[in-house]
Amino acid sequence: MPCGRFGGRIVLVTGAAKGIGAATARAFASEGATVVLCDIDEAALKVTVDALPGTGHCGIRLDVTSEADWIAAMGEVERAFGKLDVLVNNAGWGELRSLFDTSFEQWRRVIAINLDSVFLGTRNSMPLLEKSGKGSIVNMSSIRSLVAGVGSGPYSAAKAGVHLLTKATAIECAAAGKPVRANSIHPGFVDTPLSKQTGEEARNARRSTVPQGRLAEPEEIAAGILFLASDAASYVNGTELVVDGGFTAV
Ligand SMILES: NC(=O)c1ccc[n+]([C@@H]2O[C@H](COP(=O)([O-])OP(=O)(O)OC[C@H]3O[C@@H](n4cnc5c(N)ncnc54)[C@H](O)[C@@H]3O)[C@@H](O)[C@H]2O)c1
């Protein structure tokens with residue numbers, strides 16, 4: 001008898017070796033899911049997989065910008081489990097840089113990791129999500145899809161693309177009779193290896209702009225992702241969940 005909110009469910013999380021992805025994988029595993037963790041950092045991925053509660057979890061090397069990697073990963077999931085219940089398109093990356101100092105190559109890298117990844121993941125996982133009978137996609141966007149920030153031009157454009165691609169996914173699934181919901185999550189500033197890149201001074205400056213006066217813990221974002229993926233959200237579709245300590249309420 002499956003137990004926990006996600007007992008018997010197969011969940012795939014990208015960018016799962018560290019940060020929000022790792023916290024999300026842990027949260028799903030602790031609620032009974034079998035989790036497929038995907039990342040390009042194989043050493044960190046192994047550490048995260050080995051530390052998960054429960055059994056049956058696995059790590060797959062998947063570069064989210066590579067369609068060949070997506071096809072191979074979906075083949076592995078099909079052979080091992082025959083279905084996919086939840087896809088969390090979490091992997092992403094950005095850096096602070098003026099729009100006017102951004103090369104076309106740098107622009108394309110940010111768009112590829114944050115936006116192409118979601119398109120590739122959505123398209124290639126759809127047959128397995130349909131087999132779930134109640135599939136759910138949670139896409140990682142950001143407050144940067146709602147409000148711009150100086151130095152975040154390509155990242156904001158990519159995350160805004162994720163925002164509307166999620167709505168398009170939801171309505172196209174419904175129109176085609178596919179039993180798959182799609183929603184996006186929009187974190188504010190989260191305490192992860194990615195946000196540590198900017199240095200302590202920038203992190204303190206960020207804290208002072210958040211009404212709750214602190215950065216989020218990755219687990220607080222994971223909690224929102226689990227809600228969107230859960231049966232409690234069975235009528236929540238094509239929408240966005242902002243988890244930002246009040247940042248965009250000001
Ligand atoms: N940290 C924040 O403040 C914040 C805020 C809003 C949104 N986000 C978004 O949340 C997501 C996770 O961010 P995080 O802060 O946990 O980052 P992180 O850098 O701590 O972790 C990201 C993980 O993704 C992996 N990754 C990077 N490129 C990849 C690729 N091409 N294929 C597969 N895996 C890849 C990394 O190896 C790493 O394990 C990202 O999409 C990010 O844009 C983060």
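Results for (1) touching a Gly at 6+ places or on another chain (Cβ under 6 Å); (2) of a type outside the set (A, V, I, L, M, F, W, C), shown as yes or no for each residue.
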residue	(1), (2)
Ala29	yes, no
Cys58	no, no
Thr65	no, yes
Ala72	no, no
Gly82	no, yes
Phe100	no, no
Gln106	no, yes
Ser117	no, yes
Glu130	no, yes
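Does any residue of region 187-194 turn out to be out of contact with any Phe, Trp or Tyr (no Cβ under 8 Å at 6 or more places or on another chain), among the hydroxyl-bearing types (Ser, Thr, Tyr) and surrounded by 15 or more Cβ atoms within 10 Å (Cβ to Cβ)? Within region 187-194, one or more residues are out of contact with any Phe, Trp or Tyr (no Cβ under 8 Å at 6 or more places or on another chain), among the hydroxyl-bearing types (Ser, Thr, Tyr) and surrounded by 15 or more Cβ atoms within 10 Å (Cβ to Cβ). In region 204-232, the residues that are touching a residue at least 24 places away in the same chain (Cβ under 8 Å) and within 18 Å of Gly135 (Cβ to Cβ) reach residues that are surrounded by 13 or more Cβ atoms within 10 Å (Cβ to Cβ) and of a type in the set (D, E, K, R) with C-beta atoms within less than 6 angstrom, at least six apart or across chains, in these pairs: Ser230/Arg5. Kindly indicate whether any position in region 30-39 is under 18 Å from Pro187 (Cα atoms) and within 14 Å of the ligand (Cβ to nearest atom). No; the residues of region 30-39 include none that is under 18 Å from Pro187 (Cα atoms) and within 14 Å of the ligand (Cβ to nearest atom). Restricting attention to region 167-220 and to residues that are β-branched (Val, Ile, Thr) and part of a strand (DSSP E or B), the residue that is farthest from the ligand (Cβ to nearest atom) turns out to be Val180. Residues in region 78-118 that are crowded, with 18+ Cβ neighbours inside 10 Å and more than 24 Å from Val190 (Cβ to Cβ): Phe81, Leu84, Asp85.
Within region 8-19, the residues that satisfy the criterion of being assigned to a loop (DSSP other than H, G, I, E, B) and under 16 Å from the mean Cα position of the chain (by Cα) are Gly15, Ala16, Ala17, Lys18. Among the residues of region 20-36, those identified as of a type outside the set (D, E, K, R) and either in a loop (DSSP other than H, G, I, E, B) or touching a Leu at 6+ places or on another chain (Cβ under 6 Å) (or both) are Ala25, Ala27, Ala29, Gly32, Ala33, Val36. Could you list all residues from region 39-59 that are of a type in the set (S, T, N, Q) and either surrounded by fewer than 15 Cβ atoms within 10 Å (Cβ to Cβ) or in contact with an Asp or Glu (Cβ under 6 Å, 6 or more places away or on another chain) (or both)? Correct list: Thr55 only. Being of a type in the set (S, T, N, Q), over 24 Å from Leu99 (Cα atoms) and exposed (fewer than 14 other Cβ atoms within 10 Å of the Cβ) is the requirement here; does Gln197 meet it? No. Residues that are in contact with a His (Cβ under 9 Å, 6 or more places away or on another chain) and either of a type in the set (Ser, Thr, Tyr) or closer than 19 Å to Ala16 by Cβ (or both) occur in region 184-192; there is at least one. Considering each residue of region 176-184 in turn, none proves to be polar (S, T, N, Q) and closer than 19 Å to Trp107 by Cα. Within region 1-15, the set of residues being farther than 17 Å from Asp85 by Cα and either within 7 Å of the ligand (Cβ to nearest atom) or among the aromatic types (Phe, Trp, Tyr) (or both) comprises just one member, Gly15. For region 133-160, a residue qualifies if it is closer than 18 Å to Asn237 by Cα and surrounded by fewer than 19 Cβ atoms within 10 Å (Cβ to Cβ), and the qualifying residues are Gly133, Lys134, Ala160. Assessment of region 238-246 against the conditions (closer than 24 Å to Asp41 by Cβ and buried (at least 17 other Cβ atoms within 10 Å of the Cβ)) yields no matching residue.
Read-outs throughout are calculated quantities, based only on the coordinates presented, and are distinct from any laboratory measurement. Since the structure is predicted, the reported quantities are computational estimates derived from the model, not experimental observations. When we count neighbours, we look across all protein chains shown, and the Cβ atoms used for this are built from the backbone with ideal geometry, even at glycine.
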